[in-house]
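Enquirer: One structure coming up, written as structure tokens, with questions to follow.
The values are calculated or read from the model by the stated rules, or taken from the named source; none is laboratory data. Predicted, not measured: the structure shown is a model, and the values here were computed from it. Don't worry about glycine lacking a Cβ; one is built from the backbone with ideal geometry, like all the others, and counts go over all protein chains shown.
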Amino acid sequence: MNEQGLAHETLSLNPPSAAVRSVSLLEALEQVFQWRQEEEADLRQASARMQMEERKLRKQLADIDARLTAIRKESAALEARINLLDEEEASRARAAVIDGLNNDRGLVLDRGEMISQAHARQSEGIDEPLELEPVPATVVAGIEKGAQGPVALEVVVPVPYSVYTDWQHHGDDLCARFAWRLIGAVMDTLRSLSLQDSPINYAERSGCLSIQVWIGGQASEQDLKDALSAAFDRVHETATELHEAGLDLHAAWLTPDILVPTPDEMDTEERHVGG
Amino acid sequence: MSAAEDSERCDLSTVAARLELHPFDLVRIISHEEPMPQELLFGDAEIEIIARKAGILPWWDANEGLTWPAEDPDRTEALARALAWKLASHQPTRRNPVRADNLFRGLKGTDRRRARRITNGLIRLEVVQSVPTWRGLCLCIAEGDAGLLHEMASANELPEGLREQILL
């Protein structure tokens, strides 16, 4: 036997029997099958977990998206409210100015009534000293600005507009005198700026008298404010009838848009040209 | 100033009524050159100064017009001719206009209302023009229309446009 034949012999002697070989293969296949089953189950489980996770994330994403949309909407609403603040402020300030003017007009009317009753008693020989607590009477002033400087000056006096339209009825009562003093103050202002020939209109603002002067850019805003403030101070110091009535003159400077009437008021506003 | 003198002085609304001015116009005239006085009471001399500053000049006296025909519309026409003559005589210009209310100052009642209507008619016909001033509304004769006023004053017939307006 040659070496090659021996080796062949060895081979032919050593292989396992066919039955043994078949079991191992089946086992191996079984193991493969088992592996496949287990692997697939694991993977499917993992995949299911992933899908569940994905669904969960998608749900969270949808929730976040919905919240984002809600936040964007809320943010836009807040921006819109911020943008409306100027308008809202002007509207509230205008309401406050109207309330204040109405209140002060009522005070001036009340004081006028007290003064006239006291004067009537004096003329009957009953001399009772009249000591009235000081109350504020606030005049509202505004300057309308143009490209070349102030276009117009407006002063609203807390007295009824009827002091202009029905002056015979008022005679020289406190409301009329208050109005005359303020026209005098406006004239002092104009004279100090060499503008005393400027056109003056009288109009109604929320039932009160408004003195409106065309400035036409011929004075600076600061000069106009300084001159009018000084003129108000002089009225405050020297107007005897205001002292007697305990009216404490104050001035509130406001932007003209607060004084501008609403379209409804514009429709009913009467304008009168006085010179 | 004594109390007696003080009591003779007029308050501002009385002065306004006396001068036939709106008190607001009066305040403007008083304070055009100087501040308002501390006490708003005025004596005769002060009222005269104010009237002068305001350019107040009655164009009619009490007896004027007594000879005019009593009945409408002839009286209105007579008044219109007289007013045209006064305007042509005074010759108010844009630089030197006349107070609008001077044109009927001195007239009373119906004649005053007629004179107002005639003045408004002349403004609408643009024979007379408005000149707003710090003293109040003033008027001047439109350029080249002085001759028309002379014609109106002398002619028996008024211009048709004016006749229609004043005899409404």
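Enquirer: Among the residues of the range A:114-135, count how many are in contact with a helix residue (DSSP H, G or I) (Cβ under 7 Å, 6 or more places away or on another chain) and either among the aliphatic types (A, V, I, L, M) or surrounded by 13 or more Cβ atoms within 10 Å (Cβ to Cβ) (or both).
Expert: 4
Enquirer: For the range A:167-185, enumerate the residues that are facing another protein chain (nearest Cβ under 7 Å) and among the acidic types (Asp, Glu).
Expert: Answer for the range A:167-185, where residues must be facing another protein chain (nearest Cβ under 7 Å) and among the acidic types (Asp, Glu): just A:Asp172.
Enquirer: Let me ask something additional. Which residue out of B:Ala70, B:Ala45, B:Ala84 is among the small types (Gly, Ala, Ser), at pLDDT 85 or above and not assigned by TED's automatic domain parsing to the domain that holds B:Asp11?
Expert: Selected residue: B:Ala84, the only one of B:Ala70, B:Ala45, B:Ala84 that is among the small types (Gly, Ala, Ser), at pLDDT 85 or above and not assigned by TED's automatic domain parsing to the domain that holds B:Asp11.
Enquirer: So which residues in the range A:97-129 are assigned to a helix (DSSP H, G or I) and over 22 Å from A:Ala179 (Cα atoms), if there are any at all?
Expert: Across the range A:97-129, the qualifying residues are A:Ala120, A:Arg121, A:Gln122, A:Ser123.
Enquirer: All but one of (1) modelled with pLDDT under 95; (2) over 15 Å from A:Val155 (Cβ atoms); (3) touching a Ser or Thr at 6+ places or on another chain (Cβ under 9 Å) hold for A:Thr238; state the number of the condition that does not hold.
Expert: Only one criterion is unmet by A:Thr238, namely (3).
Enquirer: Within the range B:123-152, count every residue that is part of a strand (DSSP E or B) and of a type outside the set (A, V, I, L, M).
Expert: The number of residues fulfilling the criteria is 7.
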